[in-house]
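Right, one structure below, let's go through it.
The values are calculated or read from the model by the stated rules, or taken from the named source; none is laboratory data. Bear in mind that the values here come from a model prediction, so they are computed numbers and not experimental data. Cβ placement follows ideal geometry from the backbone for every residue including glycine, while neighbour counts extend to all protein chains displayed. Surface areas here come from the heavy atoms of the whole protein model, side chains and all, with no ligands, DNA or RNA. Shrake-Rupley method; radii C 1.70, N 1.55, O 1.52, S 1.80 Å.
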Amino acid sequence: MTMLSKFKAVSRVLLTCGVTLLISHQARSETQFGPFVVDQAYPGVILLNGEIDLRSALEFRKALKAAPNAKLILLDSLGGSVQTGLLIAEEVFDRKMDTLVPANAICASACSYIFFAGRSRKVSGRLGVHQLQSDVQDNAYTQLNVADVIEATSKYGTAAEVLALMLKTPSNQIHFFSEEEIVRYRINRIEESKIQSFETQPLADVAPQTELNPMSIDKLLKSLGGG
């Protein structure tokens, strides 16, 4: 085989690989905005997977523009910024979105505000709360944050017992609600028309703070009977 023939053969292989990768990327149809992921195949869903930082509220708005018909947000986050978590929660509440913590996922700290803001909400994984932690050594500032959290979560219909546990648990610990507590404190809230889809336990293994599986949204929705 001449050098020219070898070059043409290698070029064909590279072209084939490139086309395969392009098709694979298009087939995924997933777009990430900070910790949020949307999938064109499932326009009704947004996935939160990762830390909530100071940019996350803006990234959530971008995700909403990419998926304007989204009605369900899947939560898998260890939390982050208190103020940003509250801003996202308010958006979820105003839009009457549903929230779900899938099986094997964790929603803790600031992520819990988003969960409680859901019109219908269900914990299939783990939900955790604790006291606010602030980098600003200012008691007045901390008290304002506490007041904001209490006001918001009360508006979302969060039980007083849940708020008490949130305020009593040290910031370096997390109180994860047991199945018995989830029932006792009425943490799950499911509209009658959505009972069937929420009753199915999600089977997808979505570990917090890990790279997304390309088919994570697809698996989660199939396990919920949504696709």
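Extents of the range 28-165, taken as max minus min of Cα coordinates on every principal axis and listed largest first, are 46, 27, 27 Å.
For the pair LEU144 and ALA160, label points projected 7 Å from Cα toward Cβ lie 2.8 nm apart. Please identify every one of the trypsin sites (Lys or Arg not before Pro) in the range 88-162 that sits in a loop by DSSP and has no more than 12 other beta carbons within 10 Å of its own beta carbon. Listed in order of number, the matching sites are LYS96. Separation of the alpha carbons by more than 24 angstrom is noted, of LYS96/LYS168; LYS122/LYS155; LYS71/LYS168, for LYS96/LYS168; LYS71/LYS168.
Projecting label points 7 angstrom from Cα along Cα→Cβ for ARG186 and ASP53 puts them 3.9 nm apart. Sorting ASP98, ASP148 by solvent-accessible area of protein heavy atoms yields ASP148, ASP98, largest first, with a 1.4 Å probe. Highest mean packing comes first when the peptides 108-115, 80-87 are listed by Cβ atoms within 10 Å, giving 108-115, 80-87.
What is the gain in length, in nm to one decimal, between GLU179 and LYS62 on full extension, counting 0.36 nm per residue of separation less the C-alpha to C-alpha distance?
Result for the pair: 38.7 nm of gain on full extension.
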